[in-house]
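Undergrad: Just dropping this structure here.
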Amino acid sequence: MFLKTSGFQLTYPFQLSCPFRLSLFIDLFSGIGGFRLGMESVGHECIGFCEIDKFARKSYKSIFQTEGEIEFHDIRDVSDDEFKKLRGKVDVICGGFPCQAFSIAGRRLGFEDTRGTLFFEIARFASILRPRLLFLENVKGLLNHNGGDTFETILSALDELGYDAEWQVL
C-alpha cells in the first residue's frame, strides 16, 4: 500500500518520509499527551513538556519515554532565563491552554479567570523562543466569548509576535 499527499509519503507497514526536516517540539499544558501522541506519530520529536497537574504528569511520564527531557510544572514559575536555554532548539510549541474560562460549560470569565490568562504564557514563551510554528487548541466557546473580543485579542497577540494565524473548528 502506498499513499502520497502534500509532499508526505506513507507506505505500509507504517514508514513515513517527508521532504523537510521533522520538527522538535515542546508540549505545553501537556495533560496526558494528546498533542505529543499526534506529533510523534508522524515523526516529530518532543524535547520537553509542561504540566501543572501532578497526576497528569505521572500519567504522561508512564505513557511516554521522558527521561532526559525538559520538565516544567507551573508555566508561570518558569523564568525567561530558563526559556532562553531552549532558544534555537524548538521548532514548534504545542499547547492546549486551559479552556474552563471560555467554555460554555464553565463560568466564562475569560481573562478575569487566572486560567484564562495562561494563553499569554504561551505568547511569552514564543516571544523568547521564536519557533517556526505554534500549534494551539481550545474550545469552540473561545470564538464567541465576550462577543468575539477574546479571540480577537489572542489573534492580535499572535500577530504582534509575527505569526499568521490559521484556525478552524473541528
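Undergrad: (1) surrounded by 17 or more Cβ atoms within 10 Å (Cβ to Cβ); (2) more than 22 Å from E40 (Cα to Cα): which one isn't true of C94, the others all being true?
TA: All conditions pass for C94, except number (2).
Undergrad: Which pairs turn up if I take residues in region 124-136 that are closer than 16 Å to M39 by Cβ and look for partners that are in a helix (DSSP H, G or I) and not basic (K, R) with beta carbon separation below 6 Å, at least 6 apart in sequence or on another chain?
TA: Cβ pairs passing all conditions: L134/A126.
Yes or no, residue by residue, for (1) in contact with a Lys or Arg (Cβ under 8 Å, 6 or more places away or on another chain); (2) surrounded by fewer than 19 Cβ atoms within 10 Å (Cβ to Cβ); (3) polar (S, T, N, Q):
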| site | (1), (2), (3) |
| --- | --- |
| F119 | no, no, no |
| I122 | no, no, no |
| N144 | no, yes, yes |
| G148 | no, yes, no |
| L161 | no, yes, no |
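Undergrad: Please enumerate the residues belonging to region 90-113 that are at pLDDT below 75 and of a type in the set (A, V, I, L, M).
TA: Those that are at pLDDT below 75 and of a type in the set (A, V, I, L, M): A101, I104, A105, L109.
Undergrad: For the subset of region 136-161 comprising residues that are part of a loop (DSSP other than H, G, I, E, B) and closer than 18 Å to I104 by Cα, which member is modelled with the highest pLDDT? Outline the logic, then answer.
TA: Taking region 136-161 first, the residues part of a loop (DSSP other than H, G, I, E, B) are 137-140, 161.
Of the ones still in play, those that are also closer than 18 Å to I104 by Cα are 137-140.
Details: E137: 85, N138: 80, V139: 73, K140: 77.
Ranking the qualifying residues of region 136-161, first place goes to E137.
Undergrad: Residues that are open to solvent by less than 40 Å² (accessible area, probe 1.4 Å), over 27 Å from T114 (Cβ atoms) and modelled with pLDDT of 95 or more: which strands (runs of 3 or more DSSP E) entirely in region 1-89 hold 1 or more of them?
TA: Numbers: elements: 2-5, 8-11, 15-17, 24-28, 45-50, 70-72.
Result: 45-50.
The values are calculated or read from the model by the stated rules, or taken from the named source; none is laboratory data. All figures in this text were calculated on a predicted structure; none of them were measured in a lab. Reconstructed Cβ throughout: ideal geometry from the backbone, glycine too, with neighbour counts over all protein chains shown. With ligands, DNA and RNA removed, areas are computed over all heavy atoms of the protein, side chains included. Shrake-Rupley method; radii C 1.70, N 1.55, O 1.52, S 1.80 Å.
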